[in-house]
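For reference, the structure discussed in these notes is given below.
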Amino acid sequence: MTAGSSKSSQPQRARRSTGLDGLRGLAALSVLVFHVWLYRDNRPKGGHRTALFDQVMFALHLGLICFFVLSGYLLYRAFSRAALQPSGRVGTRDYARRRLARIVPAYYVSIVGCIAMYAIVGYNKGIPSLNELPLFFLFAQTYSKSTQWVLNPVTWTLCVELAFYILLPLLGWLAIRFGRAHAGRQVLMLVSLIAITITWNGMVHWETWGLSAPRRWLPSFLGHFALGMLAALWVTLRRERKAPPLGSVVSVLLLLVGAALVVINAAWQEDPTTLPDLRMLLTDLPAAAGFALIIAAVVCGSGRATRAVGVKPLAELGVISYGVYLWHLPLILALRQLGLLPEYFPPRLLIVLGVSIIAGLISWRVFERPVINWEARRESFTPDRPLKRTL
């Protein structure tokens, strides 16, 4: 690639990164709104929601699924690219160091910060016992029934993420070892991951295990990660062929089909009578497929619709989304303990959003970015991994 072509490709890369940041910001916002709705005393109780507002608010939990699909897409790109080249490889040591630098320091700070904050406001039931605390530092709280919903309930997703981080180099090795220059074999491997999730969900649904934790373990979400990985493979294949961006009409179509799958998935989850067993087997997989199509449209598409996903406020929220995600629910619990959250939803949401953005900014600027900068100096910088966009 010539210097001129490299420069001309930089705006396109920046647009794609901004679009993915916007999608990440949208996912973080949806999870925050969901928890503002969920953790309030005047919320109607019960599993079946009849009011449209409550159904929409519950559907916003699908932002969690979007994060899993994004992780699958972003982290599998290097492995899919290496597998399509005659002698490609991925440095697993660098990969492990980047993953640890990205999630561990800010997470550990949030653990200590949450304990201190709960102690100050008197929210004692949110503080784990001393013998339970090591589980949180080992990302293992979701594997114990007594710690699943203690301290910061949303961190069960980080346990799933870390398990995926550990598994991914093995999946990458399989892709490189058995799928070298054979995209079809990669597809077969990734589809098998979806089959594993469906099988696992069936085992949990029909077997009486006496434990709810298996639904919070990696096998329940391997298929969701795999759909993001399939999107990464598709994008990689297009780049190998030097395919032009998708037209604006095709881009809009991908966005609409993706959004439709997310909406259909949400509506199906609210209908207890339509194919309930199949719904349990495919838990949120249709939504994950929808998010994968949206990612494909953002990365490979063109036109105003794809650029709208990366609108500046959402993109900026996406940059600090990890801190917002780590802190928003503990802040809800602490503010509720102090009686500082209004009963009405709009002002309640504005307060939580404001303090969560402040916490996210502090987390990003004080803890996350300095660690990422320090880690980046240990290895050469590549244009495909812009520093501020590292997941």
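The values are calculated or read from the model by the stated rules, or taken from the named source; none is laboratory data. Owing to the predicted nature of the structure, the values given are computational and were not obtained by experimental measurement. Note: ideal-geometry Cβ built from the backbone for every residue, glycine included; neighbour counts use all protein chains shown.
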Go through (1) touching a Lys or Arg at 6+ places or on another chain (Cβ under 7 Å); (2) under 29 Å from ALA175 (Cα atoms); (3) not small (Gly, Ala, Ser) one by one and return the number of the condition GLU270 breaks.
(2)
Note: among PRO214, PRO272, PRO244, PRO313, just one is in contact with a His (Cβ under 9 Å, 6 or more places away or on another chain) and either more than 16 Å from LEU62 (Cα to Cα) or among the aromatic types (Phe, Trp, Tyr) (or both), namely PRO272
Scanning for something crowded, with 20+ Cβ neighbours inside 10 Å, part of a helix (DSSP H, G or I) and hydroxyl-bearing (Ser, Thr, Tyr), does region 190-201 turn up at least one residue?
yes
Can you tell me which residue is farthest from VAL249 (Cα to Cα) among those in region 276-307 that are exposed (fewer than 14 other Cβ atoms within 10 Å of the Cβ) and in contact with a helix residue (DSSP H, G or I) (Cβ under 8 Å, 6 or more places away or on another chain)?
ASP277
Selection count where residues are touching a helix residue (DSSP H, G or I) at 6+ places or on another chain (Cβ under 6 Å) and over 29 Å from GLY258 (Cα atoms), scope region 58-96:
4
Taking region 118-150 on its own, how many of its residues are surrounded by 15 or more Cβ atoms within 10 Å (Cβ to Cβ) and either touching a Gly at 6+ places or on another chain (Cβ under 6 Å) or assigned to a helix (DSSP H, G or I) (or both)?
9
Can you tell me which condition LEU84 does not meet? The list is (1) within 18 Å of the chain's Cα centre (by Cα); (2) surrounded by 20 or more Cβ atoms within 10 Å (Cβ to Cβ), and all the others hold.
(1)
Applying the selection to region 156-175, what residues are surrounded by fewer than 21 Cβ atoms within 10 Å (Cβ to Cβ) and over 30 Å from SER144 (Cα atoms)?
TRP173, LEU174
Which of the numbered conditions does ALA83 fail, given that it passes all the others? Conditions: (1) of a type in the set (A, V, I, L, M); (2) at pLDDT 95 or above; (3) farther than 29 Å from ALA315 by Cα.
(2)
